[in-house]
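**Q** Dropping the structure in here first, questions after.
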Amino acid sequence: KANTTLPSTMSETPEVEEFAFQAEINQLMSLIVNTFYSNKEIFLRELISNSSDAIDKIRYQSLTDPSVLESEKELKIEITPNKEANTLTIRDTGIGMTKADLVNNLGTIARSGTKNFMQMVQDGADVSMIGQFGVGFYSAYLVADKVTVITKNNDDEQYIWTSEAGGHFTIQRDTTNEDLGRGTKIVLEMKEDQSDFFEERTIKDLVKKHSQFIQYPISLYTTKEEEVTDDEAEEVIEEVKEDETP
């Protein structure tokens, strides 16, 4: 679990730690990055499913300790496409991850399903089964060249995880982005040929197709260029699906 500390340019800049992906996870990512699988849309289902699981975890905690929700009372998922910046962002107000969670869950400890999933894909199985093997997060690399995870757990500071695949990832304490309060924001820097996922209609259709049973509200933030006022595009928030929480 060796890691290298990269020199920081300013003394107040938090150090950037670099980690190597565990060998099986590295193989899995190569498989995903190089796959010719056409049904790439499943990445959104997987990331929304992970968000829902994270919200479940904080909700269960709150049953015995209501104070855990004080950092962010609203339990929700938000999707923000930004064509100009070439990013698609999925944000949740779930349990968030500590630094140790980031190191362990996103790179250095392979789940038992990793090898099984790769074997099945090599035997001709569908990539869309990835979530059943506990490695759905990595499906982000079907559509993204670079993935940034900004996360805040009640028990730790806010951290940034970044990787362009390629065998390694970095983790740094976050002193630059907005304070999440609690939860996780995943920013996908999309591949050139994946611009369709910036379209409002595409995202809405995918959420309705794959995520209709998610019990938390999913909101889509879009910028309507034609409604420009004071040189600022108005941000339009739409509920993609109704809150079905009892």
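The values are calculated or read from the model by the stated rules, or taken from the named source; none is laboratory data. From a predicted model like this one, the values you see are computed outputs, not experimental measurements. Positions of Cβ are generated from backbone atoms using ideal geometry, with glycine treated the same way; all protein chains shown enter the neighbour counts. With ligands, DNA and RNA removed, areas are computed over all heavy atoms of the protein, side chains included. Shrake-Rupley method; radii C 1.70, N 1.55, O 1.52, S 1.80 Å.
**Q** Holding the Cα-Cα limit at 31 Å, pick out from LYS99/LYS208; LYS83/LYS115; LYS73/LYS191; LYS99/LYS209; LYS40/LYS115; LYS115/LYS204 the pairs that are longer than that.
**A** Values: LYS99/LYS208 33 Å; LYS83/LYS115 35 Å; LYS73/LYS191 34 Å; LYS99/LYS209 34 Å; LYS40/LYS115 21 Å; LYS115/LYS204 33 Å.
Distance filter (> 31 Å) returns LYS99/LYS208; LYS83/LYS115; LYS73/LYS191; LYS99/LYS209; LYS115/LYS204.
**Q** Another question, then. For a quick check: with amide H placed at 1.01 Å from N, whose amide H comes under 5 Å from GLY167's, ignoring anything fewer than 5 positions away on the same chain?
**A** none
**Q** Specify the longest stretch of the chain that does not include any exposed loop site, a site being one of the chymotrypsin sites (Phe, Trp or Tyr not before Pro) with a non-H, G, I, E, B DSSP assignment and at most 10 other Cβ atoms within 10 Å.
**A** On the way: sites that count: PHE36, PHE213.
In the chain, the maximal stretch lacking such sites is 37-212.
**Q** Let me ask something else. Charges on Cβ only, +1 for Lys and Arg, -1 for Asp and Glu, centred on the Cα centroid of the chain; of ILE55, GLN22, PHE36, which one is farthest towards the dipole's positive end?
**A** The listed residue farthest towards the positive side: GLN22.
**Q** Can I ask one more? Ratio of alpha-carbon Rg to the 2.2 N^0.38 Å globular estimate for the range 185-227, to two decimals, please. If you can, show how the numbers build up before the last one.
**A** Working: Rg = 12.2 Å, N = 43, 2.2 N^0.38 = 9.2 Å.
Rounded to two decimals, the normalised Rg is 1.33.
**Q** Another one. Quantify, in whole percent, the carbon and sulfur part of the accessible surface of the chain (1.4 Å probe; protein heavy atoms only). Could the numbers behind the result be given before it?
**A** Numbers: 5780 of 12650 Å².
In the chain, the share of accessible area belonging to carbon and sulfur is 46 percent.
**Q** Follow-up question, since we're still on this one. Where only protein heavy atoms count, and the probe is 1.4 Å, what is the accessible area per residue for the chain in Å²? Walk me through the numbers on the way to the answer.
**A** On the way: 12650 Å² over 246 residues.
The answer is 51 Å² per residue.
**Q** Still on this structure, I have one more. Work out the charge dipole of the chain with +1 on the Cβ of Lys and Arg and -1 on the Cβ of Asp and Glu about the Cα centre, then indicate which of THR223, ALA85, SER112 is farthest towards its positive end.
**A** So the residue furthest toward the plus end is SER112.
**Q** Another question about this same structure. Given 0.36 nm per residue, what is the gain on full extension from HIS168 to ASP145 after removing their alpha carbon distance, in nm?
**A** On the way: separation 23, 0.36 × 23 = 8.28 nm, distance 1.35 nm.
So the extension gain works out to 6.9 nm.
**Q** Determine the calculated [θ] at 222 nm for the chain from helices alone, applying -39500 (n - 2.57) to every DSSP H run no shorter than 4 residues and normalising by the residue count; nearest 500 deg cm²/dmol. Don't skip to the end; give the middle numbers.
**A** Details: 5 runs with 60 residues, N = 246.
About -7500 deg cm²/dmol.
**Q** Suppose we keep just the DSSP beta bridges with both residues in the chain; what percent of those would be antiparallel, to 5? Walk me through the numbers before you get to the answer.
**A** Numbers: 46 of 49 bridges.
Counting DSSP beta bridges with both partners in the chain, the antiparallel share is about 95 percent.
**Q** Roughly how far apart, in whole Å, are the Cα centres of the range 191-210 and the range 106-169?
**A** 20
**Q** Let me know the charge dipole size of the range 15-104 about its Cα centre in debye, to the nearest 20, where only the beta-carbon of Lys, Arg (+1) and Asp, Glu (-1) is charged. Mind showing how you got there, number by number?
**A** Values: 9 positive and 16 negative charges, 69 e Å.
Around 320 debye, computed over the range 15-104.
**Q** With only Lys, Arg, Asp and Glu charged, each at its Cβ (+1 for the first two, -1 for the last two), find how big the charge dipole of the chain is about the Cα centre; round to the nearest 20 debye. Display every interim value, and only then the final one.
**A** Working: 24 positive and 47 negative charges, 267 e Å.
Here the chain has a charge dipole of around 1280 debye.
**Q** Let me ask something else about it. Over the chain, calculate the relative contact order: mean separation of alpha carbon pairs under 8 Å at least 6 apart, over the residue count, as a percent. All intermediate terms of the calculation are to be shown ahead of the outcome.
**A** Details: 452 pairs, mean separation 61.1, N = 246.
Contact order relative to length: 25 percent.
**Q** Which residue, THR184, ALA165, GLN194, has the largest displacement toward the positive end of the dipole of the range 152-203 when charges sit on each Cβ (Lys, Arg +1; Asp, Glu -1)?
**A** The Cα lying farthest towards the positive end belongs to THR184.
**Q** In addition: Given R₀ = 45 Å, FRET efficiency for ASN116-GLU12 by Cβ-Cβ distance, to 0.05?
**A** On the way: r = 45 Å, r/R0 = 1.00.
Once rounded, the FRET efficiency stands at 0.50.
**Q** In nm, what is the difference between 0.36 nm times the number of residues separating ASN177 and SER67 and their Cα-Cα distance?
**A** Details: separation 110, 0.36 × 110 = 39.60 nm, distance 2.46 nm.
Contour length minus Cα-Cα distance gives 37.1 nm.
**Q** Okay, next question. For the range 54-151, just run the numbers: alpha carbon Rg, then divide by 2.2 N^0.38 Å, N being how many residues it has. It would help to have the intermediate numbers written out before the result.
**A** On the way: Rg = 16.2 Å, N = 98, 2.2 N^0.38 = 12.6 Å.
In units of the globular-protein estimate, the range 54-151 measures up at 1.29.
**Q** Only Lys, Arg, Asp and Glu count, each charged at its Cβ (+1, +1, -1, -1), so figure out the dipole size of the range 91-167 about its Cα centre, rounded to 20 debye.
**A** Values: 6 positive and 9 negative charges, 10 e Å.
Dipole of the range 91-167, to the nearest 20 debye: 40 debye.
**Q** Can you send over the solvent-accessible area of LYS208, 1.4 Å probe, protein chains only, in Å² to the nearest 10?
**A** 110
**Q** Now for a separate question. Once the Cα gyration tensor of the chain is diagonalised, what are the square roots of 5 times its eigenvalues, in whole Å and ordered largest first, as equivalent ellipsoid semi-axes?
**A** Values for the chain, descending: 26, 24, 20 Å.
**Q** In whole Hz and in residue order, list the ³J(HN,Hα) couplings for the range 121-130 that follow from phi through the Karplus curve 6.51 cos²θ - 1.76 cosθ + 1.60, θ = phi - 60°; x for Gly and Pro.
**A** Each residue of the range 121-130 in turn: 5, 5, 8, x, 6, 7, 4, 5, 7, 3 Hz.
**Q** Report, to two decimal places, the Cα Rg of the range 25-110 normalised by 2.2 N^0.38 Å (N = number of residues). Write down the numbers at each step before the final one.
**A** Numbers: Rg = 15.8 Å, N = 86, 2.2 N^0.38 = 12.0 Å.
Computed over Cα atoms of the range 25-110, the ratio equals 1.32.
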